[in-house]
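We did not get these values from a lab; they are worked out from the coordinates using the rules stated. Please read these numbers as outputs of a predicted model, since none were measured by experiment. Neighbour counts are summed over all protein chains in view; Cβ atoms, including those assigned to glycine, are modelled from backbone coordinates with ideal geometry.
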Amino acid sequence: MKRQLLAMVIMIAASPVFADDKGVVNSGLETMKEEVAAATQAQLVTKEQAEEMGLNRSATYEVFSSISPENLTENVIEKLKESKMPYYSVDVMDPGSQEENYRAEVTEYFGKVE
């Protein structure tokens with residue numbers, strides 16, 4: 001059930017139909033991010049929070065799915081479960097009108113080096 005809800009959120013967030021309704025899109029992205037955070041051990045942060053916290057970027061990569069938003073969610077969760085980094089951010093990318101791939105950009109961070 002959670003994965004179905006998350007998939008619907010990704011579809012809403014990536015849908016150009018809702019592009020003018022920023023409240024719906026932002027709400028959907030936040031819900032999706034919370035669901036991914038619940039399935040992983042790392043802490044979800046925004047890029048701004050990572051900068052404020054003085055975190056160091058470990059890696060940035062894109063996760064793809066040509067199958068479905070549900071599959072994209074599963075792929076993001078699997079990649080984050082493999083990671084040893086304690087922090088991450090996720091941005092869902094708009095697939096565009098012609099493209100059928102679902103994409104998310106994941107950035108992993110580690111703590112401040114003293």
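How fast does the stretch 27-110 diffuse by Stokes-Einstein, in µm²/s, taking the Kirkwood radius from C-alpha pairs at 4 °C and 1.567 mPa s? Before the final figure, lay out the partial values.
Numbers: Rh = 13.0 Å.
Rounded, D is 99 µm²/s.
Suppose each label sits 7 Å from its Cα in the direction of the beta carbon; what would the Gln43-Glu100 distance come out to in nanometres?
That separation, rounded to one decimal, is 4.2 nm.
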